[in-house]
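Inspection log for the structure reproduced underneath, given as structure tokens.
The values are calculated or read from the model by the stated rules, or taken from the named source; none is laboratory data. Keep in mind the model is a prediction, meaning the values are calculated, not measured. When we count neighbours, we look across all protein chains shown, and the Cβ atoms used for this are built from the backbone with ideal geometry, even at glycine. Accessible surface is based on the protein model in full, side chains and every heavy atom, while ligands, DNA and RNA are left aside. Shrake-Rupley method; radii C 1.70, N 1.55, O 1.52, S 1.80 Å.
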Amino acid sequence: FDSQARTFTCFKPDGNKAGLSYYNIHGLLATGDELCVGTFEHGLDVLDINTGNVIRRYSANTGEGSFKSNFIYSIHQTRSGEILLGTSQGLYRYDRENDAFVVLQDFPIELHYTAILEDHTGTIWAGTYRDGVYFSDEETGVKGYFKHEPGNVQRLNSNTVNDIFEDSAHNLWFTTDGGLSRFYR
């Protein structure tokens, strides 16, 4: 968006090698001069923000170090600079040194991850499409999950978690298909 001209520049797949691989976009992360673009069933494009050209492209099942699904739903950068990908088949960390993706072992690979957050303690929270929310603190080794329990108002409203937010008092908020849930710290 150009705020002075009040116009948008649209990026669509055009068959060009430097263009986006698909028009249905789910995840975005700006890091430096690059924009990570997660697509629906077409993998991950990395766009040079200054030129608007795709400079790298990653696809599923292309060998060791690739992710298992081309549906890149969410992208998050931790305070230490690690890039995490939530896909419809697992949660991954980008390994810059090897230009590869590594499965986060504390999160079941068969789940569809829709939201990722690193809280103030460094714990990673990952919302899923139908299996609640999983968490892991690599430093302490504490990990687990929360799921909806019908009739229990002290649990998630739904197992479909759309987003996660941490407020200034360090409470966690989960948007779900069943409403809004707050986790007091």
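Summary of computed values
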quantity	calculated
Peptides ranked, highest mean first, by Cβ atoms within 10 Å: ranges 26-37, 77-88	77-88, 26-37
Packing-based order for 151-157, 98-104, using average beta carbon neighbours within 10 Å, highest first	98-104, 151-157
Accessible area per residue, Å², segment 34-172 with all protein chains present, probe 1.4 Å	50
5 angstrom amide H check on THR114, placed H, neighbours 5+ away	GLY127, THR128, TYR129
For the chain, alpha-carbon Rg and Dmax in angstrom	17.3, 53
Whole-number D in µm² s⁻¹ for segment 45-122, Kirkwood Cα-pair radius fed into Stokes-Einstein, 4 °C, 1.567 mPa s	98
Gain upon complete extension [ASN16, THR62; 0.36 nm per residue less C-alpha separation]	14.4 nm
Charged-residue dipole, Cβ positions (Lys, Arg, Asp, Glu), the chain about Cα centre, Debye nearest 20	420
Sequence-distant lysines (8 or more away, or on other chains) whose Cα lies within less than 26 Å of LYS17	LYS68
Built amide H within the under 5 Å cut-off of THR176, gap 5+	ASN162, SER181
Contact order normalised by residue count of segment 73-166, Cα under 8 Å, 6+ apart, percent	20
Dipole of the chain [Lys/Arg +1, Asp/Glu -1 at C-beta], most positive-end residue of HIS120, LEU20, TYR58	LEU20
Carbon/sulfur fraction of accessible area - segment 13-110, other protein chains in place, 1.4 Å, %	45
Global form of segment 60-105, assessed from the alpha-carbon gyration tensor, a/c cut-off 1.5	oblate
Alpha-carbon centroids, segment 71-93 and segment 16-47: separation in whole Å	13
